[in-house]
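This report concerns only the one structure given below.
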Amino acid sequence: MSELKITDLKQGVRNENRVNVFVNDKYAFSLDVAQVVDLGVKIGRVVSEAELLELKKASELGKIYQRALEWVLIRPRSRKELRDYLFRKQTDFADVVVTRLTERGYVDDRKFAEYYVENRFVKKGISRKRLALELKQKGVSSQLIEEVLEKSERDDADEIRKMIAKKWGRYDEDKLIQYLCRQGFSYALVSELVRSYEKD
């Protein structure tokens, strides 16, 4: 069997941060620039079948890591959201990517929870109970949810007032109270605020 030699390295056309690697004058795989340096990929290097396979795996890891990084930079994400995203990509590198992005500070459940609590339905209104439930569904620990909600200035009474202002006139008083209770607010607080709103 003829030897496997890296014969050319060319900058990617669609992505300038990736390098196309040619083995025996045929395109074999691509790596990001950092990987080329880290893995000692250079023209003239002879590789075994096993080394070629490892380099191709590194190529796949580099691609999925880059996609995941771009995805988490759009807005803060929880670790569970990232895992679910990677699961949809059907990759074998989910654990490695989650670990790397967490270690590098790109994925942080506390930052995610703080962002979520401060930005979710800010104008529309949302109960603390519903925020807690949604964060739990996104994989944030109960202790962390409690700590973040404790620090938040969002208050159920203010949130109820926002929702009453939006829904007033669409429902009669009893239906509005039922609707707000279904959103996770306490009956006592809802009924007090709906009735006082009507007087105002």
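The values are calculated or read from the model by the stated rules, or taken from the named source; none is laboratory data. The shown structure was predicted, so the numbers you read here are calculated from the model rather than taken from an experiment. Every residue, glycine among them, receives a Cβ derived from its backbone with ideal geometry; neighbour counts consider all protein chains shown.
Is it the case that some residue within the stretch 54-69 is touching a strand residue (DSSP E or B) at 6+ places or on another chain (Cβ under 9 Å) and over 19 Å from Val97 (Cα atoms)? Checking the stretch 54-69: not a single residue is touching a strand residue (DSSP E or B) at 6+ places or on another chain (Cβ under 9 Å) and over 19 Å from Val97 (Cα atoms). Scanning the stretch 150-200 for residues that are of a type in the set (Asp, Glu) and within 18 Å of Lys123 (Cα to Cα) yields Glu153, Asp155, Asp156, Asp158, Glu159. Residues of the stretch 121-133 that are surrounded by fewer than 15 Cβ atoms within 10 Å (Cβ to Cβ) and either hydroxyl-bearing (Ser, Thr, Tyr) or over 16 Å from Ala157 (Cα atoms) (or both): Leu133 alone. Screening Leu73 with (1) touching a helix residue (DSSP H, G or I) at 6+ places or on another chain (Cβ under 9 Å); (2) under 30 Å from Asn119 (Cα atoms) gives one miss only, at (1). Considering the stretch 145-174 alone, what residues qualify as being buried (at least 18 other Cβ atoms within 10 Å of the Cβ) and over 27 Å from Arg195 (Cβ atoms)? Passing the criteria: Ile145, Val148. Selection of the stretch 170-200 for residues being of a type in the set (Ser, Thr, Tyr) and part of a loop (DSSP other than H, G, I, E, B) yields only Ser186.
Looking across the stretch 146-169, the residues that are touching a helix residue (DSSP H, G or I) at 6+ places or on another chain (Cβ under 7 Å), under 21 Å from Arg182 (Cα atoms) and part of a helix (DSSP H, G or I) come down to Leu149, Asp156, Ala157, Ile160, Arg161, Met163, Ile164, Lys167. Within the stretch 175-200, being surrounded by fewer than 16 Cβ atoms within 10 Å (Cβ to Cβ), in contact (Cβ under 8 Å) with a residue 24 or more places away in the chain and closer than 27 Å to Phe112 by Cα holds for one residue alone: Ser186.
Take Ala34 and tell me if it is surrounded by fewer than 19 Cβ atoms within 10 Å (Cβ to Cβ) and either touching a Phe, Trp or Tyr at 6+ places or on another chain (Cβ under 6 Å) or at pLDDT below 90 (or both). When the stated conditions are applied, Ala34 passes them.
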